[in-house]
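Just below is one structure, and these are the notes that go with it.
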């Protein structure tokens with residue numbers, strides 16, 4: 001059963017729970033879209049070949065539904081919307097320290113391991129860079145561990161997909177900085193966020209190098225997708241009015257149009273329509289509680305979606321190269337998918353889960369214990 005957006009705002013400090021049983025199905029679809037996008041780019045743009053699966057997707061979703069070529073940004077937009085949808089409540093309810101430690105525990109350990117793996121693979125000559133470089137220096141490698149290499153000019157990308165973490169971290173820090181507004185008058189956060197994104201885009205458009213920061217434009221052009229997820233939560237939770245909902249949505253549309261017009265996006269001019277379709281799917285499917293949402297395969301992919309996202313480009317190209325001549329194209333792609341799944345499973349079980357548990361036990365539980373103690377203690381009788 002779907003619950004419509006409410007028209008009257010609720011209490012500013014209340015952040016009610018919204019049931020989202022379809023989130024895992026959305027994560028599953030987002031993973032498929034991201035992996036498909038990189039397969040399509042690789043086969044079409046890099047190798048100049050093709051595949052019957054790409055032809056089907058092109059006819060149905062690109063030519064038919066009008067989405068971006070290669071389904072570019074479809075998976076990323078879905079993941080970003082889920083971030084806004086699922087994280088906003090935590091940002092409102094948790095202390096800034098608790099919130100940031102929880103996010104770091106979730107993201108950083110697996111990210112650091114994958115960055116290290118990417119650097120090793122590049123230096124061994126197994127993998128190439130995801131930017132126009134033949135190798136990576138020690139300083140560039142160090143910056144990659146804190147996403148700093150994306151801000152260099154020219155940009156250095158040892159693991160290209162990790163650029164989206166800069167968007168997520170920016171959103172987390174923005175929510176923490178505006179926590180009082182988010183709790184008191186939530187609609188201001190996505191609207192003000194859209195204004196700041198437009199200012200960044202305009203700054204980089206008119207300020208020449210070396211004073212411009214091109215990567216900030218990419219962050220600003222992607223943040224509206226996170227705010228769209230946030231708006232969906234605020235609407236379902238009854239924390240913004242109908243007019244506030246429309247205002248917040250229109251503000252994100254303006255940013256997307258500006259980013260498209262100034263060619264910040266990298267795969268055509270269909271971004272507003274593509275993002276609109278993805279947003280509609282997120283709104284409809286996130287409340288879906290049918291059988292598909294509870295399939296084991298859907299749950300497996302969803303729980304490992306972050307590990308798959310981080311690792312798939314580390315291994316997929318080499319797997320394809322070493323199998324296509326032996327088993328053929330379709331079987332090579334199947335091998336690619338199986339290999340990506342196995343590597344993601346290792347990272348999920350060996351890094352992501354234990355690191356998150358260790359950080360949670362060491363830091364979050366300790367902070368709760370400190371808060372639970374009395375403010376002052378006297379001598380025992």
Given the criterion under 29 Å from residue 256 (Cα atoms) and within 19 Å of the chain's Cα centre (by Cα), identify the matching residue among 87, 115, 101. 87
Condition broken by residue 136, with the remaining ones in (1) without any contact (Cβ under 8 Å) to a residue 24 or more places away in the chain; (2) surrounded by fewer than 19 Cβ atoms within 10 Å (Cβ to Cβ) satisfied: (2)
Scan the stretch 153-165 residue by residue and report those that are over 19 Å from residue 37 (Cα atoms) and surrounded by 15 or more Cβ atoms within 10 Å (Cβ to Cβ). 155, 156
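Would you point out the residue of the stretch 118-133, among those that are assigned to a helix (DSSP H, G or I) and touching a residue at least 12 places away in the same chain (Cβ under 8 Å), that is farthest from the chain's Cα centre (by Cα)?
Top of the filtered list is 123.
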Does residue 318 satisfy the condition of being surrounded by fewer than 17 Cβ atoms within 10 Å (Cβ to Cβ) and outside the structural domain of residue 66 (by TED's automatic domain parsing)? yes
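A quick yes/no check of all residues on (1) assigned by TED's automatic domain parsing to the domain that holds residue 166; (2) part of a helix (DSSP H, G or I); (3) out of contact with any helix residue (DSSP H, G or I) (no Cβ under 9 Å at 6 or more places or on another chain); (4) buried (at least 18 other Cβ atoms within 10 Å of the Cβ):
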{"position": "209", "(1), (2), (3), (4)": "yes, no, yes, no"}
{"position": "212", "(1), (2), (3), (4)": "yes, no, no, no"}
{"position": "227", "(1), (2), (3), (4)": "yes, yes, no, yes"}
{"position": "240", "(1), (2), (3), (4)": "yes, no, no, yes"}
{"position": "254", "(1), (2), (3), (4)": "yes, yes, no, no"}
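When you scan the stretch 258-282, how many residues do you find that are out of contact with any helix residue (DSSP H, G or I) (no Cβ under 7 Å at 6 or more places or on another chain) and either free of Cβ contacts under 8 Å to residues at least 60 places away in the same chain or more than 16 Å from residue 76 (Cα to Cα) (or both)?
Adding up the residues that qualify gives 4.
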Within the stretch 174-188, residues being in contact (Cβ under 8 Å) with a residue 12 or more places away in the chain and part of a helix (DSSP H, G or I) number 7
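The values are calculated or read from the model by the stated rules, or taken from the named source; none is laboratory data. Just so it is clear, the structure is predicted and the values come from calculations on it, not from any experiment. Ideal geometry is used to build each Cβ from the backbone, glycine not excepted, and the neighbour counts take in all protein chains shown.
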